[in-house]
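Contents: one structure, followed by commentary.
The values are calculated or read from the model by the stated rules, or taken from the named source; none is laboratory data. In this text, all values refer to a predicted model and were calculated from it rather than measured experimentally. As a convention, Cβ positions derive from the backbone with ideal geometry for all residues, glycine included, and neighbour counts pool all protein chains shown. Accessible surface is based on the protein model in full, side chains and every heavy atom, while ligands, DNA and RNA are left aside. Shrake-Rupley method; radii C 1.70, N 1.55, O 1.52, S 1.80 Å.
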Amino acid sequence: MASALIDLLAAMEKNGASALFITEGKPPAVRLHGQVRALTSEPPTSREAILTLLEQIPPLARARFTESG
């Protein structure tokens, strides 16, 4: 999962995008020149999106999220 996020960030940098959007049910997208554009056609599941992001946050924040949702 972490490599998926790294791949998305690399694509973001390669394209000169200013924002990355990871949303359940929608393909990962970037903001490029003021427009939001999909990077892939494959949307992540809710579980995939959450796990991808949880791997990147500090342990205390991860614990809080896991406890409170």
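Observations on the structure shown:
- A 1.4 Å probe run over the chain, with the rest of the protein chains in place, finds 72 Å² accessible per residue.
- Simple Cβ-charge dipole of the chain, Lys/Arg +1 and Asp/Glu -1, about Cα centre, in debye nearest 20: 180
- Expected-Rg normalisation [2.2 N^0.38 Å, Cα atoms] applied to the chain: 1.17
- Within the accessible area of the chain (1.4 Å probe), percent carbon and sulfur: 57
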